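The structure under discussion appears below in the form of structure tokens.
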Amino acid sequence: MKQAYSLISFLLLGGVNKITMTKPFMIQDSFFKKAKALGYRARSAFKLLEIQEKYKIIQPKMCVLDVASAPGSFLQVIAKIVWNWGKVVWIDIQKIDPNFWFPNIHLLQESIFEYDKIHAYICGLGISQFDCITSDIAPSTTGITWVDQYKSVELNLAILDVAREFLKPGWTLILKVFVWEDIADLIQPIKEQYKKLSRMKPKACRDRSFEEYFICIDKK
Ligand SMILES: C[S@@+](CC[C@H](N)C(=O)[O-])C[C@H]1O[C@@H](n2cnc3c(N)ncnc32)[C@H](O)[C@@H]1O
């Protein structure tokens, strides 16, 4: 009986999808190997590097907020650009290994949904607004694509709220979004708050992944 229940919930919760969709994620592809060879904490570094090459968003001395940072490969890329004169705040619900060589880094282990705590932390650092906000946020996936897109949109709406307060007007927000079907719930507020939205899928995204990066340019 217990086994039958497990089988049913496994199928209902997208277990088949999980097998077919997540197994290839275990493959150590060329980006994984390259990340290891170059000392990046994750292959995501190459996604941000490609975005940066195209848009030149992050500049030396900037004050950057990196949301959903663990294990920290975005941060490695950001830190190399802003260097010692810049500042980085990162937020992740997971515990972060603080073993970084970069001095001006501030770590907050918190959920992006905890707006008041994030607000208090940033203000406590004496930061009024950031020059750039990056996010690589991903919900824990179910394998059911519309559910995962919904969870991704909820997370990104919470980031938009933080950016509304803490991103300087005229500057850029980078979001990672799971896009499966109509995503107007997210695009509409972005268009209200930013002059331009540009979408891209960096080469380091896995072929089967439905993630995209939304470059929200020129905050109003
Ligand atoms: C793809 S990983 C980020 C990889 C990271 N950008 C890097 O380059 O190493 C997605 C992250 O989203 C974080 N995350 C998911 N839900 C979150 C939430 N509610 N608040 C903050 N972070 C969250 C996860 O903990 C995870 O570390």
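For the reader, a short list of remarks on this structure follows.
- Restricting 183, 159, 217 to residues that are out of contact with any strand residue (DSSP E or B) (no Cβ under 6 Å at 6 or more places or on another chain) and either of a type in the set (A, V, I, L, M) or at pLDDT 95 or above (or both) narrows the list to 183.
- Exclusive hit being open to solvent by 30 Å² or more (accessible area, probe 1.4 Å) and aromatic (Phe, Trp, Tyr), set 32, 46: 32
- Screening the range 85-155 for strands (runs of 3 or more DSSP E) wholly inside it with 2 or more residues that are surrounded by fewer than 17 Cβ atoms within 10 Å (Cβ to Cβ) returns the ranges 105-109.
- Some residue of the range 158-181 being hydrophobic (A, V, I, L, M, F, W, C), away from the ligand (no atom under 16 Å from the Cβ) and part of a strand (DSSP E or B): yes
- Every residue from the range 193-216 that is surrounded by fewer than 17 Cβ atoms within 10 Å (Cβ to Cβ) and in contact (Cβ under 8 Å) with a residue 40 or more places away in the chain: 198, 200, 203, 206, 208
- In the range 5-26 there is no residue matching the filter, namely being of a type in the set (Lys, Arg), more than 16 Å from the ligand (Cβ to nearest atom) and at pLDDT 90 or above.
- Every residue from the range 52-82 that is assigned to a loop (DSSP other than H, G, I, E, B) and either surrounded by fewer than 19 Cβ atoms within 10 Å (Cβ to Cβ) or within 7 Å of the ligand (Cβ to nearest atom) (or both): 56, 59, 60, 61, 68, 69, 70, 71, 72
The values are calculated or read from the model by the stated rules, or taken from the named source; none is laboratory data. None of these values were measured; they are calculated from a predicted model. Please note: Cβ atoms are built from the backbone with ideal geometry, for glycine as well, and neighbour counts cover all protein chains shown. Please note that ligands, DNA and RNA were not included when accessible areas were found on the heavy atoms of the full protein model with its side chains. Shrake-Rupley method; radii C 1.70, N 1.55, O 1.52, S 1.80 Å.
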